[in-house]
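S.K.: Structure below; questions to follow.
The values are calculated or read from the model by the stated rules, or taken from the named source; none is laboratory data. As the structure is a prediction and not an experimental result, all values here were calculated from the model. Positions of Cβ are backbone-derived with ideal geometry, glycine not excepted, and every protein chain shown enters the neighbour counts.
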């Protein structure tokens, strides 16, 4: 028996005439060469897959390193990460078991063209449910978008095949429809539209506890457009995006050790407690990108930045001075950080606990 699944809502306008996306007018980037069918080197990006896009929106540097990086610099996934992957896979299989009959296209791993041909053949037959499908869309930059939704669900509607169409659905182990989930779901809808000739009314997220969420495509497609453009541009550059250590996301990444070593070598500000990505972007506009630069900054000037305030600005400058001097600095009430540079003799020698402010933490 097929799973009970909410049908896409029907409307007069729908997404028949959305605002044009930059997808069809991507420029030919200067350093892009003619793609090789097996290209995965600095000749350029040929396939922009669901996985690349998902990782890029979380960390552009990771997407770059996954595509071009030295595999010897990666570390094996932790036991905790392996457990998360297994739990996610088990959840996906439990959900898919409710969809019958479930059709799977046959193709070799990462043979995207063969996978797309097999998937489109199933869609043309009008089967009810397709898992592990592959759909592709060509861009003006000669980069092929590769969508791999967990499910393609047949619903009433118009398409190049007749009075039916397909809506994509992704199965996620999370409890909430996070923005990165929604943007990937919008990506699926965009490529589905290219294949079937009409927009699906939505793109579904199936979350834990069987909850389903209909993505607002009118809202997310413009964001997706910006994301795709930035992703294509960054992955055509010679150098990787700037390193930024965000422990809430970086700790489980296979490239963490490599990026952390680079951050330490350059005394990157992201190593300091309290320097979130949002705060770092403000500091970068003031050319404060290293621990030494922040240690010499005027806290009064930083206090006016969004997300700082007088207390946070003073503590962050004080923390930078402590790290730069490689020893703890006492912090007294209403004591402003000393202006750098300081000599080693000026730094206190008594063992004092290093300041850490939970309000300034990421």
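S.K.: How many residues does the stretch 111-131 hold that are surrounded by 13 or more Cβ atoms within 10 Å (Cβ to Cβ) and not in a helix (DSSP H, G or I)?
M.R.: Narrowing the stretch 111-131 to residues surrounded by 13 or more Cβ atoms within 10 Å (Cβ to Cβ): 112-120, 122-124, 126-131.
Checking which are not in a helix (DSSP H, G or I) leaves us with 126-131.
Here the count works out to 6.
S.K.: Of these, 93, 57, 32, 86, which one is surrounded by 14 or more Cβ atoms within 10 Å (Cβ to Cβ), out of contact with any strand residue (DSSP E or B) (no Cβ under 6 Å at 6 or more places or on another chain) and at pLDDT 85 or above? Write out each step before concluding.
M.R.: Working: 93 fails: surrounded by 14 or more Cβ atoms within 10 Å (Cβ to Cβ); 32 fails: at pLDDT 85 or above; 86 fails: surrounded by 14 or more Cβ atoms within 10 Å (Cβ to Cβ).
Going through 93, 57, 32, 86 in turn, just one is surrounded by 14 or more Cβ atoms within 10 Å (Cβ to Cβ), out of contact with any strand residue (DSSP E or B) (no Cβ under 6 Å at 6 or more places or on another chain) and at pLDDT 85 or above: 57.
S.K.: Also: From the list 135, 205, 179, pick out the single residue that is buried (at least 21 other Cβ atoms within 10 Å of the Cβ), assigned by TED's automatic domain parsing to the domain that holds residue 45 and closer than 20 Å to residue 48 by Cα. Before the answer, list the steps.
M.R.: Working: 205 fails: closer than 20 Å to residue 48 by Cα; 179 fails: buried (at least 21 other Cβ atoms within 10 Å of the Cβ).
One residue alone meets the criteria, 135.
S.K.: If you scan the stretch 290-307, which residues turn out to be assigned to a helix (DSSP H, G or I) and touching a residue at least 40 places away in the same chain (Cβ under 8 Å)? Full working, then the answer.
M.R.: Step one: filter the stretch 290-307 for residues assigned to a helix (DSSP H, G or I), giving 291-295, 299-302.
Scanning the stretch 290-307 gives 292, 295.
S.K.: Now for a different question. If I filter the stretch 186-217 down to residues being within 20 Å of the chain's Cα centre (by Cα) and assigned to a loop (DSSP other than H, G, I, E, B), which single residue comes out as nearest to residue 142 (Cα to Cα)?
M.R.: 203
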